[in-house]
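Here's the structure, in C-alpha cells; my notes come after.
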Amino acid sequence: EGTARGSGIRTNLSSVGLDSWVDDPITRHIISLQIDKEEGGGFMLWPVVLQKRGSYYVLVLPLVDPQSFKAFESLLKRPDCGSSAKENGNLSSILLNLPCITGAFMVANVIGDIITGDVAEPEVIVSSGPSVGGLLDSLTGSIGITARSKPSAAPVAAPVASVSSPVGAAQSDSLKGGIRPFDKELLRSFIIGAMPFGTPQDLNYGNVSSIRTTGYSADPLPTDQKQPAWKPYLYKGRQRTLFSSLETINAALYDRDDVPDFLSVSGQLTCRAELEGLPDVSLPLTGLKTARVEVSSFHHCVQASEPTGNKQSLLFQPPLGNFVLMHYQAPCNIDPPVKGFYQLSMVSENEGAFLFKLRLMEGYKSPFLMEFCMVTMPFPRRRVASYDGNPSVGTVSMTEHLIEWRIVSSGRGLSGRSIEATFSGTVRFHPRTTQRVNSSFRSATTTAFAEDSDCEQDITKNGANLDDYLMEKMNKDLQAVDLEEPLSWQAYNYAKVSFKIVGGTLSGLIIDPRSVTIYPSVKAPVEYSMQASSGDYILWNTLGKCPSAALPKEL
C-alpha cells in the first residue's frame, strides 16, 4: 500500500495501520503484509524486504525479535505525522538494530542478479604491459604515453544457462508476450547451496556454483589453519595480487552565484589475490584526511583497524576470484576534471543558440590521463533537424534527439596539460506536432498565457519577456512528464559530460602497493591501478531554470 499509493508518504488516503501512515520513504522497500482470514481476524507479516528487478518482485522475510515487531506496530498507530532524524524509536532506529535487514537485502540482491542474469564478478583493472618503473615510467607518463589498462577476467567462469532455459533479463516488452521465464532450477540450486535451512551461509554466486561443480578442495591444510566459508577451494598457479581503485564522480555544475556546485565521489577498492594456501594479506589505506571519507563498508573477510592519522590498516584472508574489498563515498577533493558553463537560449520556437566554454584537466598532472571526454546535449522532446557551429577542438555528430560533442577521442588521451574547449552555434528543431494531452495539463498551461494575437504581439515587443513567452508556447502542447526523463521536462535543460581518467583517484584515497605484506611470505608481485569515470555529470543551462536542493548545515 505504501509502495503503490503514496511512495511511503502519508496522504489523505492513508489510514491507521497501513505502511504509509508511518510516513517514512523507507516503507517503499521494507513493507508489511496484512494477511486476512475468512473466519475473521488475521495477522501481519513484517519486515518484508521488497526489491524490484526487471519484471519481477523479490520478497524476503527475515526473522526478527518480538520487541522490534511491537515497536513497528506502535508506529502504525501514532497520531502525529513523520518523525525526526534525532528522535528515538523511529523506523530507521528500529531497523538499524536489526542486522537481519542488511542480510535480507543481500539475499534479495543476489536473487535478483540470478533472475536477471547479472552474475558477473567485480571488475579488476590490470595493466596490459609490464611496468619498468623508475625514470622510464616518469618520462613516458609526462608525455602522455602509458600502458593501456584492461579488465581482469575471473579465474573461474560461472555456469552459463542453456538456450532452452535462459536466465531471464529484464523485459521491456513483457506486456506484449508475457514475462520471459528464468532458469528456476538454477535459482533453486543456488538457494539450497547458499542458504541451507533458510540461513544464509555464503551468498557468493561463483563460490556456490564452483562447489556444486567441483566440490570442496581436496588439498590438505595445515592443522593450525581453518578454511573459511568464502574460500571453498584453493588456488594453484602463478601467484600475484591485483588491486584497483574504481571511482565514479557525480556532479551538478550551475555556474551561478546563488546556487553552489555539487560534487561527490563514490568508489570501491577491488581485489584479486591469486595466492596459494590460506595467507593473510595486510595493506594500509592512505589519504584518509585528504579524502574525508563520509561512508565506508568492507567485505566480510576484512578486519579494519581504527583510523590513525592519515592511515588505516586492513587485514584479510582473500577469497578466490575478483571481489570488492571496500566501498566508500567522499567529496571530490581536487578541481573538477571538467568545469565551465553551458548556455542555451531559444531565439524562436524552433531554433536555439548555445554556447559551451569548458576547461579540461586543469591542475591535473601526470600520471593522470584522460582517455576520452564527450559532451551530450539531449533533447528528448524535440526532433533535431540541423545544427551550425564548429568547436575549437574535437568533432560533432547528431541524432534525432541529441547533439554529441567528442572533445577527447579514445586513443588520443590528455595527460600532463589542460585544454580549453569552446563550442558555440545554433540548433534547429523540426516543427512541433500538436498532441492530444490531458485536459487538466492543457488548462494549466494555456491559462498561464493569453492566446489572443494582440497579447502575443505585446509580449514579443518586450525583450525581457521573450524567453518566457517562447518557453510557454513550446510547452503548451507537451504531454505530461515522462518519469524516465524528468529533468528534460519544460524549462529544465542540461548537457551531460562523460569521461574516463586513469592514473589516480579523485578522492585522494589510495594504497601503497609497496606496503602490502603477505603472511606467510611469498614472492608475489602486487599490481595497483586507479580509474575514475563520470556518473551523472551535469552542466545545467545557466540561462534557464534548474533544480537544486538546499542542504541543512547540521542535522
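Numerical summary
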item	result
Residue tally, condition open to solvent by less than 50 Å² (accessible area, probe 1.4 Å) and within 14 Å of residue 350 (Cβ to Cβ), over the range 378-398	5
In the range 298-319, the residues that are open to solvent by 20 Å² or more (accessible area, probe 1.4 Å) and closer than 16 Å to residue 230 by Cβ	298, 299, 300, 302, 303, 315, 317
Lone unmet requirement of (1) closer than 27 Å to residue 297 by Cβ; (2) surrounded by 16 or more Cβ atoms within 10 Å (Cβ to Cβ); (3) of a type in the set (Gly, Ala, Ser); (4) modelled with pLDDT under 85 for residue 85	(2)
Failed condition for residue 281, given (1) within 27 Å of residue 534 (Cα to Cα); (2) open to solvent by less than 40 Å² (accessible area, probe 1.4 Å)	(1)
Residue tally, condition in a strand (DSSP E or B) and open to solvent by 30 Å² or more (accessible area, probe 1.4 Å), over the range 399-413	3
Single unsatisfied condition, residue 306 versus (1) part of a loop (DSSP other than H, G, I, E, B); (2) in contact (Cβ under 8 Å) with a residue 12 or more places away in the chain; (3) among the charged types (D, E, K, R)	(2)
Failed item, numbered, when residue 357 is tested on (1) without any contact (Cβ under 8 Å) to a residue 60 or more places away in the chain; (2) under 27 Å from residue 334 (Cα atoms); (3) in a strand (DSSP E or B)	(1)
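Yes/no matrix, rows are residues, columns are (1) in contact with a strand residue (DSSP E or B) (Cβ under 9 Å, 6 or more places away or on another chain); (2) at negative phi; (3) of a type in the set (A, V, I, L, M):
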{"position": "197", "(1), (2), (3)": "no, no, no"}
{"position": "224", "(1), (2), (3)": "no, yes, no"}
{"position": "243", "(1), (2), (3)": "yes, yes, no"}
{"position": "268", "(1), (2), (3)": "yes, yes, no"}
{"position": "293", "(1), (2), (3)": "yes, yes, yes"}
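The values are calculated or read from the model by the stated rules, or taken from the named source; none is laboratory data. Computed from a prediction, not measured in an experiment: that's the story for all the values here. Glycine gets a Cβ as well: all are built from the backbone with ideal geometry, and neighbour counts include every protein chain shown. These accessible areas exclude ligands, DNA and RNA; they are computed on the full protein's heavy atoms, side chains included. Shrake-Rupley method; radii C 1.70, N 1.55, O 1.52, S 1.80 Å.
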